[in-house]
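Undergrad: Quick one: structure below, then a few questions.
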Amino acid sequence: MNSHELLTFLLVSVLLFGSTAYMMGQAVAGQWQSHYLLIGYSLLLTLFERFILFALFKQDLLSITGYLLDFLLIYAFSRLGYRLTQVHKMVTQYPWLYEKVTPFNWREKSPV
C-alpha cells in the first residue's frame, strides 16, 4: 500500500465513512431499534463507499478484501455509535434505575 492509497483509506474510509457509520449507529439507537439493523445498513454503506473509491480514486469496485475491510470498519464505527448512544439514553431516561459504569456499560442502581 503506497502513501496515496493509505491517505485515501484514512480520509475516505476512516474519516468520512467512519463518521457516517458512527452517526448511523446513533440514529438506530436513538429510535430504540435493534442493533441487527446495523448489519444491513453497514452493507449498503459499504457498497456506496466502494463505488466512491472506484469512481474517484480508480480502486477495484469488486475487491472482496477491500469490501470486507471496509465493511468491518464501517460496522465497528456504527456499533460504537450505537453502544455509546444506548448507554447515554438508558442512564438519562431511567436515572432512578441505572447508572453509568463505563462509557460502554451501565448497571442497576443499588437500593439505598
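All of the numbers you see were taken from the coordinates with simple rules; none came from a lab. Everything numeric in this text was worked out from a predicted model, so none of it was measured. Every residue, glycine among them, receives a Cβ derived from its backbone with ideal geometry; neighbour counts consider all protein chains shown.
Undergrad: Taking the Cα atoms only, what angle lies between the long axis of helix 18-30 and the longest principal axis of the chain, rounded to 10 degrees?
TA: Value to nearest ten degrees: 30.
Undergrad: Within a 10 angstrom radius of the beta carbon, how do PHE71, PHE54 rank from fewest other beta carbons to most? Mind dumping the intermediate values first?
TA: Details: PHE71 18, PHE54 15.
Fewest-to-most ranking of PHE71, PHE54: PHE54, PHE71.
Undergrad: While we're looking at this one, here's another question. Give me a comma-separated list of calculated 3J(HN,Hα) values for the range 65-79, in order, Karplus coefficients 6.51, -1.76, 1.60 applied at θ = phi - 60°, integers in Hz, x for any Gly or Pro.
TA: 5, x, 5, 5, 4, 5, 4, 4, 5, 5, 5, 5, 5, 5, 5
Undergrad: Shifting gears a bit: Considering the options VAL91, GLY25, PRO111, tell which one lies farthest towards the positive end of the dipole of the chain, charges being +1 on Lys and Arg and -1 on Asp and Glu at the Cβ, about the Cα centre.
TA: PRO111
Undergrad: While we're here: Within a 10 angstrom radius of the beta carbon, how do VAL28, VAL112 rank from fewest other beta carbons to most?
TA: Values: VAL28 22, VAL112 3.
Fewest-to-most Cβ neighbours within 10 Å comes out as VAL112, VAL28.
Undergrad: Under 5 Å between amide H atoms, partner at least 5 residues away or on a different chain: which partners does TRP106 have, H built in plane at 1.01 Å?
TA: VAL101
Undergrad: Can I ask one more? Going 7 Å from the Cα of LEU56 in the Cα-to-Cβ direction, what parts of the range 1-28 have a backbone nitrogen less than 15 Å from that spot?
TA: What the label zone holds, given the 15 Å backbone N cut-off, is 5-21.
Undergrad: Could you give the semi-axes, largest first, of the ellipsoid that matches the chain, computed as the square roots of 5 times the alpha carbon gyration tensor eigenvalues and rounded to whole Å? Kindly include the intermediate steps, with their values, before the conclusion.
TA: Working: eigenvalues 249, 34, 18 Å².
Equivalent-ellipsoid dimensions as semi-axes: 35, 13, 10 Å.
Undergrad: About the Cα centre, and with charges only on the beta carbon of Lys, Arg (+1) and Asp, Glu (-1), how big is the dipole of the chain? Nearest 20 debye, please.
TA: Numbers: 8 positive and 6 negative charges, 73 e Å.
For the chain, the charge dipole is close to 360 debye.
Undergrad: How long, wide and thick is the range 1-55, going by the Cα atoms along their three principal axes, in whole angstroms, largest first?
TA: Per principal axis, max minus min of the Cα coordinates gives 42, 16, 15 Å.
Undergrad: Continuing with this model, one more query. Counting only other residues whose beta carbon sits under 10 Å from that of ASP70, what net charge do I get with K and R as +1, D and E as -1? Mind showing how you got there, number by number?
TA: On the way: positive: ARG50; negative: GLU49.
Net of charged neighbours comes to 0.
Undergrad: Of the trypsin sites (Lys or Arg not before Pro) in the range 45-111, which ones lie in a loop per DSSP and count no more than 13 other C-beta atoms within 10 Å?
TA: Values: sites: ARG50, LYS58, ARG79, ARG83, LYS89, LYS100, ARG107, LYS109; in loops: LYS58, LYS109.
Here the sparse-neighbourhood loop sites are LYS58, LYS109.
Undergrad: What is the spin-label model distance, in nm, from LEU15 to THR65 if the labels are put 7 Å beyond Cα along the C-beta direction?
TA: Roughly 2.5 nm, to one decimal.
Undergrad: A follow-up question, please. Which lysines have a Cα lying under 17 Å from the Cα of LYS100, excluding residues fewer than 8 positions away in the same chain?
TA: Partners within reach: LYS89, LYS109.
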